[in-house]
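Contents: one structure, followed by commentary.
Taken together, the values in this text are just the output of simple stated rules run on the coordinates, not laboratory data. Just so you know, these numbers come straight off a predicted model, no measurement behind them. Counting neighbours? That spans all protein chains shown, and the Cβs are built from the backbone with ideal geometry, glycine included.
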Amino acid sequence: MAPISLSGPDADTPPLALVLAAVTLVQAIASMGMLSFSVIAPSAALSLGVGAELIGLQISLAYIAATCCSVPAGTLVRRWGAVRASQLALLLCTAGTAVAASGYLVLAAVGSVLIGLGYGLTNPAASHLLFRFTPPHRRNLVFSLKQTGVPLGGICAGLVLPRLTVGFGWPVALLAVSVVGAVLAVLLLPVRASWDTDRQPGLAIRADLTEGPRMVWRARPLRLLSVTAFCFSGLQLCLVSFLVTMLVTELDYSLVLAGTVAAVAQAAGVVGRIVWGWIADRMESALGVLIMVAVTSALACGLTAVLHPGWPASMVVALFLGFGLSAIGWNGVFLAEVARLAPAGTVGMATGGALAFTFAGVAVGPTVFSGLYTVVGSYTTMFIFPGLLMIVSLGLLRAAHREST
């Protein structure tokens, strides 16, 4: 069994570009599955006989499942190998979208759980591979490039799935995601043997789901960073979950046009992840970059809260381009910093533990947003509340920054 390098790439290193492309594609497809209901919510909700605002509950259900899976994911990655864990993630996503396409509300919930379980495996597996094969001085940028898979999946969801829904119905749109996931799982078969040489088949799979989070909570820098991620992820999922519905119901956009605006926000997130990662490497300060993200996200929330149908489309697009740049662009810098702060040999476990907080924010954020919407009655006004989370996260990041200097 080949040893894991703790300071740089392994001796027998596969091409970093190939590893990065593979984990980014896995992330993109898993993210497309997670966001699929968000971009077809008006049509799917009508067919299922529920209100479109309940998309927040569906997203939360998926991320609760992702949280449960991400905690033991580090152990699963070490036992089975990161590539095998990635294949399992894709197959769970494939099964989940296929089940959800049945047209029955209960099965849509079951499908959401399966998609979430798959999504929970993706980041620990990817972090394990990238930490092994990436030189330390390039990690912020490489992790950020990998995390572009999330908005890339969102772009595909926003551009493709509404059009498939209009042309063929929303179940066909979900089945398209299933097919793509299954194909990529098969394509990963040839590299499994050479990339999973560090797997530990005899490693016991323990049932203690709190090990990763407890490790993160005991280390104050990781604790502050993880609670910040709880706030950031809550905002991010409120944006991607409700943007299309908000534009359709309150600004009278068509489903296709609203999906295009959502794709623009996701595209800005792709750019943001690369730019923020590059800046973090140049500044040698991931925390400084995350502080900038918190400030710009708070400003974007304030502008969204005063959005109304009189705004020209160009201003709406510009707003959500900036919003996506910050609120969807932070994840790679966060994961690289978690990997840097993790005790030796525990990158997968630390990533899973930190992601438990991230996914908890995702689960709580849209659920609270949906509940408060029934009182406030306006999606735009609702963005005041995640804006307050950005103020909280700014305080946490400044505390973490003071400790690191």
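Where in the stretch 281-312 does the amide nitrogen come within less than 20 Å of the point 7 Å from the Cα of E250, taken along Cα to Cβ? Residues 296-312 qualify, since their backbone N sits under 20 Å from the label point.
Arranged from fewest to most other beta-carbon atoms within 10 Å of their beta carbon, S127, S393 become S393, S127.
In summary, the helical segments of the chain meeting the span-like criteria, namely a full DSSP H run, a Cα extent along the axis of 18 angstrom or more and a mean Kyte-Doolittle hydropathy of at least -1.0, are 16-39, 55-80, 82-100, 105-133, 149-168, 170-187, 220-250, 255-283, 286-305, 313-327, 347-376, 384-404.
Note on Q200 and T374: the extension gain reaches 57.7 nm, defined as 0.36 nm multiplied by sequence separation minus the Cα-Cα distance.
Close amide H pairs (under 5 Å, H built 1.01 Å from N) link L203 with no residue at least 5 positions away or on another chain.
Shown here for the stretch 102-198: trypsin sites (Lys or Arg not before Pro) in loop regions (DSSP other than H, G, I, E, B) with at most 11 other Cβ atoms within 10 Å, of which there are none. Cβ crowding within 10 Å ranks H128, H401 as H401, H128, fewest other Cβ atoms first. Gyration tensor over the Cα atoms of the chain: the corresponding equivalent ellipsoid has semi-axes (square roots of 5 times the eigenvalues, largest first) of 32, 25, 18 Å. Taking the charge dipole of the chain about its Cα centre, with +1 at Lys and Arg Cβ atoms and -1 at Asp and Glu Cβ atoms, the residue from W278, P135, L372 reaching farthest to the positive side is P135. The calculated 222 nm mean residue ellipticity attributable to helices in the chain amounts to -27500 deg cm²/dmol, summing -39500 (n - 2.57) over DSSP H runs of n ≥ 4 and dividing by all residues. In what order do R218, R79 fall by count of nearby beta-carbon atoms within 10 Å, going from fewest to most? Placing the least packed residue first, the sequence is R218, R79.
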